[in-house]
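Before any comments, here is the structure.
The values are calculated or read from the model by the stated rules, or taken from the named source; none is laboratory data. Because the structure is predicted, anything quoted here is derived from the model rather than measured. Backbone-built Cβ (ideal geometry, glycine too); neighbour counts: all protein chains shown. We work out accessible area using only protein heavy atoms, side chains counted, and drop any ligands, DNA or RNA first. Shrake-Rupley method; radii C 1.70, N 1.55, O 1.52, S 1.80 Å.
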Amino acid sequence: MSNFMMNMISWVLLLLVILTLYLIDKINHLSKMYDAPKPDASILPDFETEIPGDLLFSGLEGKKLWDAMNGKEVEGFDASMIEALRPHYEPILREHITATFKDGLEEVGGDESKVPSSLRKIETVRGHIQSWLPPQHLGSIYRSALEFAGTYANDPNADTLVRLKQTVDSVVDMLYQRVSITNEVPFSDFLFDTMPIEDDEPTTEDAMLALTDQSARAEVLGDGLLEDSNERELTPQELAQGLEHAQAYEDAQRQEIAAETVEAVMIPESETDLSAQEAAAEEASLEVKPA
């Protein structure tokens, strides 16, 4: 009886193992036959698009950000949150004003009636943000820069410069007051120093180009006269004669130096001979003299 039970258990276990292997193989076969549906490309996020901007101002951009800083109620942002964001908004406001002024400097001679775009992409340490400022204020700053780089640069006038600085400072102060931020440094202290001043002295490259251009235009005219010059070009014969005169002058100088050297050597020798003759005469006179 025990042997029969043992055999039955063994056969049951073997059948279970075989059934398990069969089920595993069947599942693998079915999984290979199954073709998973491809996701809809229209609902996938586009990772190639621009990464969202400054996360600190997430949800606040453009006109909405300006309204929030002006004290208007914005859905989803309470007053305490806006007040905490205000110090971080000051660099954005400053960069927007500065960029508008630089646009006026670069577009000197342009249309003074042009109104700059109120929207501008401003880079921050956390990314970027779309800033919005009133167009009438930006227009005043832009036209001041145009006049500074145009009319004032051509005809500097102290009164004009003072007027332009006062205009920019008054507009900037108005913008800062509307967003309840204190403007500690007048913008006229640094905005009106941004216009590039051309160097009157030509650079080395410009000087070389000028010399090359002058040399290319130095063509021989008439009786050896050079273009753009009142001097006459020397002929080869005149150059040879000049070299001969210079060589003769050098030879004469060398002869004079040699003569002076010989004379300086001969004078000491003659003085020595005279001294010896005087000494001999004195000794002879002593010998003739009676004791």
proj_area_mean for segment 47-152 (convex hull on C-alpha atoms), units nm², value 8.1
As an exercise, use a Förster radius of 35 Å and the Cβ-Cβ distance of Arg163 and Glu123 to find the FRET efficiency, rounded to the nearest 0.05. 0.60
Counting other Cβ atoms within 10 Å of each Cβ, which GluC sites (Glu not before Pro) in segment 102-187 have at most 11 and sit in a DSSP loop? Glu184
Determine the relative contact order of segment 77-138: mean sequence separation of Cα pairs under 8 Å and six or more apart, normalised by residue count, in whole percent. 30
So what does Val162 come to for accessible area, using a 1.4 Å probe and Å² rounded to 10? 80
R0 of 30 Å, Cβ-Cβ distance Trp11-Ser31: FRET efficiency to nearest 0.05: 0.45
Report the far tail of the P(r) of segment 118-166, meaning the percent of Cα-Cα pairs longer than 13 Å. 65
